[in-house]
Amino acid sequence: MSMMGKPRCGLPLAQVLVVHLLLTLASSSELTFELPDNAKQCFYEDIVIGTKCTLEFQVVTGGHYDVDCRLEDPDGTVLYKEMKKQYDSFTFTAAKNGTFKFCFSNEFSTFTHKTVYFDFQVGEDPPLFPNENRVTALTQMESACVSIHEALKSVIDYQTHFRLREAQGRSRAEDLNTRVAFWSIGEAIILLVVSISQVVLLRSFFSDRKTTTTRVGS
């Protein structure tokens with residue numbers, strides 16, 4: 001898969017080259033990246049006509065866990081567009097040859113960074129056996145291998161989703177822990193201020209009473 005992200009959010013060129021290299025060598029077109037606030041990140045893929053493709057994405061951390069997503073064909077026609085979406089999946093068949101573009105935008109956020117995961121699948125998986133599509137039936141061993149292969153693919157998908165859910169849950173727990181810590185500090189400061197105020201108020205009562213008694217005796 002030859003997919004390359006052209007940074008519109010000021011990412012260093014070295015980081016883009018590393019991402020491009022990883023995507024080129026990897027067998028899966030999956031990527032998790034950080035999308036800064038007021039930023040937009042686009043990726044490009046050359047697709048042959050008639051190829052079935054699937055784009056799946058999910059916001060892992062940041063803000064309200066939402067992002068804008070847009071998919072365009074080589075002519076600039078919008079095939080898919082969603083605003084402030086947390087996760088979604090879109091499947092399409094390329095109607096023409098050329099470079100397709102899909103972008104993730106966080107331009108509506110002023111100070112919150114997002115961590116976005118996406119999986120862009122192009123084409124069908126190659127057959128496990130070269131003659132898998134033959135007219136004759138598969139042997140028992142071949143059928144077992146195909147079943148195990150499909151089961152392992154499902155396991156990989158489940159593991160990916162569970163890792164994303166774990167990362168999202170950890171982010172929410174850390175955010176909640178930060179809020180509780182600040183709330184506890186605020187309560188401690190309020191309690192200290194109230195205690196000092198009560199002491200000062202009580203001392204003022206006794207001071208006024210002593211002054212009044214002295215005046216009456218004289």
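Averaged over residues, the count of other Cβ atoms within 10 Å places the peptides 181-192, 161-172, 110-121 in the sequence 110-121, 161-172, 181-192, highest first.
Amide H contacts of Lys96 (H built 1.01 Å from N, in plane; Pro and chain starts excluded): Gly50 sit under 5 Å, all sequence-distant by 5 or more or on other chains. Charge tally for His161 (other residues, Cβ to Cβ under 11 Å; Lys, Arg +1; Asp, Glu -1): -2. Take the alpha carbon gyration tensor of the stretch 44-180, find the square roots of its eigenvalues, order them as a ≥ b ≥ c, and report rounded if a/c is under 1.5; if not, report prolate when a/b exceeds b/c, else oblate. Because a/c hits 1.5 or more and a/b fails to exceed b/c, the stretch 44-180 counts as oblate.
Packing-based ranking of 70-77, 29-36 yields 29-36, 70-77, ordered from highest to lowest mean Cβ neighbour count within 10 Å. Note on Val193: accessible area approximately 80 square angstrom, rounded to 10, probe 1.4 Å, nucleic acids and ligands left out.
Only protein heavy atoms count here; under a 1.4 Å probe, Ser207 has an accessible surface of about 60 Å². Pairs from the table (Lys84/Lys114; Lys52/Lys85; Lys85/Lys153; Lys81/Lys153) lying more than 21 angstrom apart at Cα are Lys52/Lys85; Lys85/Lys153; Lys81/Lys153.
The values are calculated or read from the model by the stated rules, or taken from the named source; none is laboratory data. Nothing here was measured: the structure is a model prediction, and the numbers come from that model. We place every Cβ from the backbone using ideal geometry, glycine too, and count neighbours over all the protein chains shown. Ligands, DNA and RNA are excluded from the accessible area calculation, which covers all protein heavy atoms including side chains. Shrake-Rupley method; radii C 1.70, N 1.55, O 1.52, S 1.80 Å.
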